[in-house]
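Below is one structure, written out as structure tokens; the observations come after it.
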Amino acid sequence: MSALGRPRVHLRSTDSTNDRARELAIAGAPHGTLVTASYQTAGRGRQGRSWTAPAGSSLLMSLILRSPPALLPLIAAVAVCDVAGGDARIKWPNDIVIPRAGGLSKLAGILAEGRPQEGWAILGIGLNVAVRPQDLPAELREKTATLGAPAQEIEATLERLLDALGRRLAEAEGATLEAWRARDVLRGREIAWGADKPAGSTRRGRAEGIDGAGRLIVALADGGHTTLEAGEVHLRPA
Ligand code: BTN
């Protein structure tokens, strides 16, 4: 398979690098093809959310992967942490956060999309390399973390991330799961989920880590356990 990051398309501005990469994948672009942008006008996040970043402040990338592994979202989270350093933690399934006194501030987001039946995935990553809090809307300042590097570091950060992804994609699943668990910010904490469902369906429990398929294991108040496949969980205030 070819190296990650080649061929590469860099766009000054686009709606979403994931959408550009998807077009290329459908047109037959090879494994490792990379789309980057300095700015997105309609960046997308998980659960139908948007992803915004001031122009030129962030690493915005989408990678085409042929025959992607089942644990791709977890692998990507671990690779981003390899680059982000010791403070970075993972909020299941793959938000990269920095714990702060007031809660968790988001450093990076990962959006893995694809057509499993056709054997490809798009791995979209937004990493706040040089975001300056003063350039963010007031309501996002507390919730957003940044590497605090100069914008000139975005390219070198991309190189490090592609290297980390290459290494993590090649390792055994057990090693990825171990690295993921070492960064798990939810383990042992009270969480809630289902808040997006009809009123009254919010559920609560204590996060107990992930199983071998990346599902979140939750201990329930009645002594039982459940596992969550996907979705969004929230920390409950201490
Ligand atoms: C999330 O945390 O909800 C996922 C955010 C993913 C954002 C990245 S930025 C590059 C790529 N293009 C997109 O439109 N989204 C991903």
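The values are calculated or read from the model by the stated rules, or taken from the named source; none is laboratory data. What you are looking at is a predicted structure, and each value in this text was computed from that prediction instead of being measured. Methodologically, a virtual Cβ is constructed for each residue, glycine included, from the backbone with ideal geometry; neighbour enumeration extends over all protein chains shown.
Need at least 1 residues that are within 14 Å of the ligand (Cβ to nearest atom), in contact with a Lys or Arg (Cβ under 8 Å, 6 or more places away or on another chain) and over 20 Å from residue 186 (Cα atoms) per element, so show me which strands (runs of 3 or more DSSP E) inside the range 61-139 make the cut, counting only ones lying wholly within it.
Numbers: elements: 89-91, 95-100, 103-115, 120-127.
The strands (runs of 3 or more DSSP E) meeting that bar are 103-115, 120-127.
Name the pairs whose Cβ atoms lie under 6 Å apart, with the first residue in the range 40-54 and at pLDDT below 95, the second more than 6 Å from the ligand (Cβ to nearest atom), and 6 or more positions between them or separate chains?
47/232
Looking at the range 66-83, can you tell me whether even one residue there is hydroxyl-bearing (Ser, Thr, Tyr) and in contact with a strand residue (DSSP E or B) (Cβ under 6 Å, 6 or more places away or on another chain)?
The first filter runs over the range 66-83 and keeps only residues hydroxyl-bearing (Ser, Thr, Tyr), leaving 67.
Next cut, in contact with a strand residue (DSSP E or B) (Cβ under 6 Å, 6 or more places away or on another chain) only: none.
No.
Show the residue pairs meeting these rules: Cβ distance below 7 Å; 6+ apart or different chains; first residue within the range 101-116 and closer than 13 Å to residue 72 by Cα; second residue of a type outside the set (Lys, Arg) and more than 12 Å from the ligand (Cβ to nearest atom).
Matching pairs, first to second residue: 112/72; 112/121; 113/121; 114/68; 114/120; 114/121.
Any residue in the range 85-97 that is aromatic (Phe, Trp, Tyr) sitting within a Cβ distance under 7 Å of a residue that is at pLDDT below 95 and in a strand (DSSP E or B)? List the pairs, counting only those 6 or more apart or interchain.
Note: pairs meeting the criteria are 92/233.
Filter the range 208-232 down to the residues that are acidic (Asp, Glu) and either without any contact (Cβ under 8 Å) to a residue 40 or more places away in the chain or loosely packed, with under 12 Cβ neighbours inside 10 Å (or both) and list them by number.
At the first step, the residues of the range 208-232 found to be acidic (Asp, Glu) are 208, 211, 222, 229, 232.
Result: 208, 211, 222, 229.
Only one of these conditions is not met by residue 23: (1) more than 10 Å from the ligand (Cβ to nearest atom); (2) within 30 Å of residue 212 (Cβ to Cβ); (3) assigned to a helix (DSSP H, G or I). Which number is it?
Here residue 23 clears every test but (2).
Looking only at the range 26-60, how many residues end up being more than 23 Å from residue 79 (Cβ to Cβ) and within 8 Å of the ligand (Cβ to nearest atom)?
1
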